[in-house]
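Trainee: Have a look at this one before I ask anything.
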């Protein structure tokens, strides 16, 4: 499915406009993205999942088409609260939750603090424990980094960054680069991106690490076996930490929905419909 076939809807959550995609009918399913992505991360597998589920794909606060407030907390802890507000606004008491990258950190916080809001849980190449921020982002968290980088330099950095998350770099298409870069263009976009960077902090996942053993949900850990951003060892650590979690590998690096969309969709459908 191309980006042009998707139309965002909007809701107010805690005073912020949150953008989301919605397709299908049935049991609710929420798909969460990470950084520097948006909900369009899931565009290639959304149609398959929508055949059996009511699929909700939000852009997190300060990402994609959602509001980019100057002073809001955009940590994964705050994003988990926004997600609950979105679910409440949509009349969703409990949903299956599939989450990638820092979205996976949001999902872990939700699973620990509000387990009643989740049915099944999928953690895909998710930040966890002390796995983040990735080395590529650490220099951008240094004082003065934002002032030293122009909006044009940020755009080029993001375009150069995408292939590093691919096992086959030819999957880092110009279409994907345009999708990723668009929300961060210009000075406003650059400032929003750096606000997100400043909240990439493993204290949030380390704080709940000992509580993962209490997660009651049927859980799938889905991971690119060539992931250089979220190393495969962390997939095994998550599987071992969460009771009865199942680990499945994808022949890809970090951006599994770009490299192996059919395989990812198949694994998700089998898990969600089991």
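Each value in this text was obtained by applying a stated rule to the coordinates, not by laboratory testing. Only a predicted model underlies this, so the values are computations on that prediction, with no experimental measurement involved. As a convention, Cβ positions derive from the backbone with ideal geometry for all residues, glycine included, and neighbour counts pool all protein chains shown.
Trainee: Using the number of other C-beta atoms within 10 angstrom as an exposure proxy, rank 211, 248 with the fewest first.
Mentor: With the sparsest Cβ surroundings first, the list reads 211, 248.
Trainee: Something else now. What relative contact order, as a whole-number percentage, does segment 64-192 give when Cα pairs under 8 Å and 6 or more residues apart are counted?
Mentor: Across segment 64-192, relative contact order equals 21 percent.
Trainee: Here is a further query. Quick check on the chain: helices-only [θ] at 222 nm, where DSSP H runs of length 4 and up contribute -39,500 (n - 2.57) each and the sum goes over total residues. Nearest 500, please.
Mentor: -10000 deg cm²/dmol
Trainee: Follow-up question, since we're still on this one. Order 228-234, 97-103 from most to least packed using the mean count of other Cβ atoms within 10 Å.
Mentor: 97-103, 228-234
Trainee: Report, please, the projected area of segment 1-73 averaged over directions, based on the convex hull of its C-alpha atoms, in nm².
Mentor: 5.0
Trainee: Report which label in (i) 6, 24, 31, 21, 8, 3, 3, 2, 2, 0, 0; (ii) 7, 32, 40, 19, 2, 0; (iii) 6, 25, 29, 20, 11, 6, 2, 1, 0 holds the value of P(r) over Cα pairs in 10 Å bins from 0, in percent derived from the coordinates of this structure.
Mentor: (ii)
Trainee: Using a 10 Å cut-off around each Cβ, can you sort 259, 116 from fewest to most neighbouring Cβ atoms?
Mentor: Listed from fewest to most nearby Cβ atoms, that is 116, 259.
Trainee: Let me ask something additional. Using alpha-carbon pairs under 8 Å, 6+ residues apart, how would you state the relative contact order of the chain in percent?
Mentor: So the answer I get is 19 percent.
Trainee: Report the antiparallel proportion of the DSSP beta bridges in segment 18-134 as a percent, rounded to a multiple of 5.
Mentor: The antiparallel fraction comes to roughly 20 percent.
Trainee: Report for the chain the percent antiparallel among DSSP-assigned beta bridges with both residues inside it, nearest 5.
Mentor: Around 30 percent of the beta bridges assigned by DSSP in the chain are antiparallel ones.
Trainee: Using alpha-carbon pairs under 8 Å, 6+ residues apart, how would you state the relative contact order of segment 125-274 in percent?
Mentor: Reported relative contact order: 29 percent.
Trainee: Just how far, in whole angstrom, is segment 199-247 from segment 122-198 if you go by their alpha carbon centroids?
Mentor: 22
Trainee: Also, quick follow-up: Assign one of three labels to segment 1-126, namely rounded, prolate or oblate, based on the Cα gyration tensor with a ≥ b ≥ c the square roots of its eigenvalues; rounded applies when a/c is under 1.5, prolate when it is not and a/b is larger than b/c, and oblate otherwise.
Mentor: rounded
Trainee: Test of understanding: ordering 249, 184 by Cβ neighbours within 10 Å, fewest first, what list do you get?
Mentor: Arranged by neighbour count, lowest to highest, 249, 184 become 249, 184.
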